[in-house]
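Asks: Got a structure for you, written out below as structure tokens; questions coming shortly.
The values are calculated or read from the model by the stated rules, or taken from the named source; none is laboratory data. Here the structure is a predicted model, which means the values were calculated and not measured. Quick reminder, even Gly has a Cβ in these numbers, built from the backbone with ideal geometry, and neighbours come from all protein chains shown.
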Amino acid sequence: MQNITLLGSTGSIGESTLNILSQHPDRYRVYALTAYRSVDLLFQQCVRFEPDIAVMLDEQAAEQLKDKLKISGISTEVLSGELALQQVAQEKKVDYVVAAIVGAAGLLPTLAAARAGKHILLANKEALVMSGHLFMSEVETYGATLLPVDSEHNAIWQCLPIGSKQQYHFDGKGIRRIILTASGGPFRDYDLSQLESVTPEQAIAHPNWSMGQKISVDSATMMNKGLEVIEAHWLFGLANEQIDVVLHRQSVIHSMVDYVDGSVLAQMGNPDMRTPIANALAWPERISSGVKPLDLIGVGRLDFDKACHDRFPCLALAYQALQAGGTSTAILNAANEVAVEAFLANRIKFTGIAKIIDNALSAITASDGLNLEQVLEDDMKAREFAMSLIN
Ligand code: NAD
Ligand code: MG
């Protein structure tokens, strides 16, 4: 029986993970669930999974949850605050930590899990984007095991010659490059001139995947693919030039590895996050996930197109930040988080997102990013700068 801490249990990845855990009660037990402040949903999850601990970041929300659980006679202990997130991520009893908090808020608890040598199911790509060098070296130092949940990285993981858990660096293993697939999001067929006036409602209506708001906007700008390029660089130890992106509108091939002998291995499946989550949970075994079998005749065809940087300037900015190195990618990520929030609040245009990030990358001098203080400082500088542009 594996004990699990699920960071961000009320989100899209959190709910998909609980769906799988509920199918395999003989294998997994929930130790802790955490959320920002959605009391009702976390309460329902506590009733269903009876974790030892529930954490709400928000103190008031934690008090409300405590009252509701007491009335229902559920013995789950309720904690609040950022330190409690780290505490449940590093708890001795815990085997697997699912890192599914959205954004920079996921960094410290995920890092705590790494430093406690856990098996980490990594959905929170922002942690690697902010501090890839530091994060990977902590994983190695403390013997943690990183299992990619992001569907593209999980696909690549499945197509790689994995010899042992600790093997993340594939240089010299005959890999020419990896190819990340991207659906292109809801605006892939729009005229460029239409992008000025698209709304948040249109941006979060993803054609193939159902996801949280922030990652849905990131998919529309294709910053999501940019963040994934950076994530792949750190996860697999590949050079920037070895990471390509191709538009693939059906989202059936989740990514590919191109080997020097001309073999290209692809992982396919329906676009449902329960597949990569189940794969990472059970690795190196396989468990059922509840995902429907792939109907190839129904899919009919697989299309591939160039991911054009004119349409998706955020993708170009991500490559640029990766090339610049150090905390450039933390600056990119922080400016993006602030810009996406402003777009969702109707404070800036969709096309303003890339402009804010571009300006932040030019205005803020990056540091080498080898320690956490630098990363957090440059993250803060980028947030303040982006806010000042918006205001
Ligand atoms: P979501 O918005 O649906 O859920 C986010 C979760 O994080 C919620 O439980 C929320 O309560 C919690 N949270 C938010 N802010 C917090 C804070 N400041 N402190 C503590 N907890 C906080 O997001 P999601 O779509 O589930 O995505 C989660 C992560 O997984 C993101 O990093 C995303 O990029 C990544 N990811 C998601 C998908 C997907 O299909 N949804 C696919 C690949 C990767
Ligand atoms: Mg992805």
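Asks: For region 273-287, enumerate the residues that are over 16 Å from residue 145 (Cβ atoms) and surrounded by 17 or more Cβ atoms within 10 Å (Cβ to Cβ).
Replies: Of everything in region 273-287, those that are over 16 Å from residue 145 (Cβ atoms) and surrounded by 17 or more Cβ atoms within 10 Å (Cβ to Cβ) turn out to be 273, 274, 275, 278.
Asks: Within region 236-253, is there a residue that is surrounded by 17 or more Cβ atoms within 10 Å (Cβ to Cβ), small (Gly, Ala, Ser), over 27 Å from residue 134 (Cα atoms) and modelled with pLDDT of 95 or more?
Replies: Yes; the residues of region 236-253 include at least one that is surrounded by 17 or more Cβ atoms within 10 Å (Cβ to Cβ), small (Gly, Ala, Ser), over 27 Å from residue 134 (Cα atoms) and modelled with pLDDT of 95 or more.
Asks: Would you call residue 272 modelled with pLDDT of 95 or more, among the charged types (D, E, K, R), assigned to a loop (DSSP other than H, G, I, E, B) and out of contact with any His (no Cβ under 7 Å at 6 or more places or on another chain)?
Replies: Considered against the rule, which asks whether it is modelled with pLDDT of 95 or more, among the charged types (D, E, K, R), assigned to a loop (DSSP other than H, G, I, E, B) and out of contact with any His (no Cβ under 7 Å at 6 or more places or on another chain), residue 272 comes out as yes.
Asks: Next question, about the same structure. Would you say residue 45 is under 23 Å from residue 19 (Cβ atoms) and surrounded by 16 or more Cβ atoms within 10 Å (Cβ to Cβ)?
Replies: So residue 45 fits the description; yes.
Asks: State yes or no: is residue 88 in contact with a Ser or Thr (Cβ under 6 Å, 6 or more places away or on another chain) and under 30 Å from residue 329 (Cβ atoms)?
Replies: Here the answer is yes, as residue 88 does meet what is asked.
Asks: Could you tell me which residue of region 84-99 is farthest from ligand 2 (Cβ to nearest atom), considering only residues that are small (Gly, Ala, Ser) and under 14 Å from residue 9 (Cα atoms)?
Replies: Going through the qualifying residues, I end up with 89.
Asks: Just to be sure before I move on: is residue 102 within 16 Å of ligand 2 (Cβ to nearest atom) and part of a loop (DSSP other than H, G, I, E, B) in the structure I sent?
Replies: yes
Asks: Looking at region 105-128, which of the residues that are within 16 Å of ligand 2 (Cβ to nearest atom) and over 18 Å from residue 21 (Cα atoms) is surrounded by the fewest Cβ atoms within 10 Å (Cβ to Cβ)?
Replies: Going through the qualifying residues, I end up with 106.
Asks: Scan region 241-261 for residues that are away from ligand 2 (no atom under 14 Å from the Cβ) and either assigned to a helix (DSSP H, G or I) or in contact with a His (Cβ under 9 Å, 6 or more places away or on another chain) (or both) and jot them down.
Replies: 241, 242
Asks: What residue, of 290, 262, is surrounded by fewer than 18 Cβ atoms within 10 Å (Cβ to Cβ), more than 15 Å from ligand 1 (Cβ to nearest atom), over 26 Å from residue 128 (Cα atoms) and free of Cβ contacts under 8 Å to residues at least 24 places away in the same chain?
Replies: 262
Asks: Can we say residue 111 is closer than 30 Å to residue 269 by Cβ, in a helix (DSSP H, G or I) and touching an Asp or Glu at 6+ places or on another chain (Cβ under 9 Å)?
Replies: The answer is no for residue 111.
Asks: Return yes or no: is residue 207 surrounded by fewer than 21 Cβ atoms within 10 Å (Cβ to Cβ), more than 15 Å from the chain's Cα centre (by Cα), at pLDDT 95 or above and within 16 Å of ligand 1 (Cβ to nearest atom)?
Replies: It is false that residue 207 is surrounded by fewer than 21 Cβ atoms within 10 Å (Cβ to Cβ), more than 15 Å from the chain's Cα centre (by Cα), at pLDDT 95 or above and within 16 Å of ligand 1 (Cβ to nearest atom).
Asks: Let me ask you something else. Looking at region 302-312, is at least one residue aliphatic (A, V, I, L, M), surrounded by 18 or more Cβ atoms within 10 Å (Cβ to Cβ), part of a helix (DSSP H, G or I) and in contact (Cβ under 8 Å) with a residue 24 or more places away in the chain?
Replies: no
Asks: Could I ask something else about it? Find all pairs meeting these conditions: Cβ atoms under 9 angstrom apart; at least six residues apart or on different chains; first residue within region 193-218 and free of Cβ contacts under 8 Å to residues at least 12 places away in the same chain and in a helix (DSSP H, G or I); second residue surrounded by 16 or more Cβ atoms within 10 Å (Cβ to Cβ) and of a type outside the set (A, V, I, L, M).
Replies: 194/187
Asks: For region 219-240, which residues satisfy the criterion of being away from ligand 2 (no atom under 12 Å from the Cβ), among the hydrophobic types (A, V, I, L, M, F, W, C) and not in a helix (DSSP H, G or I)?
Replies: 238, 239
Asks: Starting from residues that are more than 21 Å from the chain's Cα centre (by Cα), of a type in the set (D, E, K, R) and over 21 Å from residue 37 (Cβ atoms), keep the ones in region 66-99 and report whichever is surrounded by the most Cβ atoms within 10 Å (Cβ to Cβ).
Replies: Within region 66-99, the match that is surrounded by the most Cβ atoms within 10 Å (Cβ to Cβ) is 91.
Asks: Just one of 335, 354 is touching a residue at least 40 places away in the same chain (Cβ under 8 Å), surrounded by 14 or more Cβ atoms within 10 Å (Cβ to Cβ), within 19 Å of the chain's Cα centre (by Cα) and assigned to a helix (DSSP H, G or I); which is it?
Replies: 335
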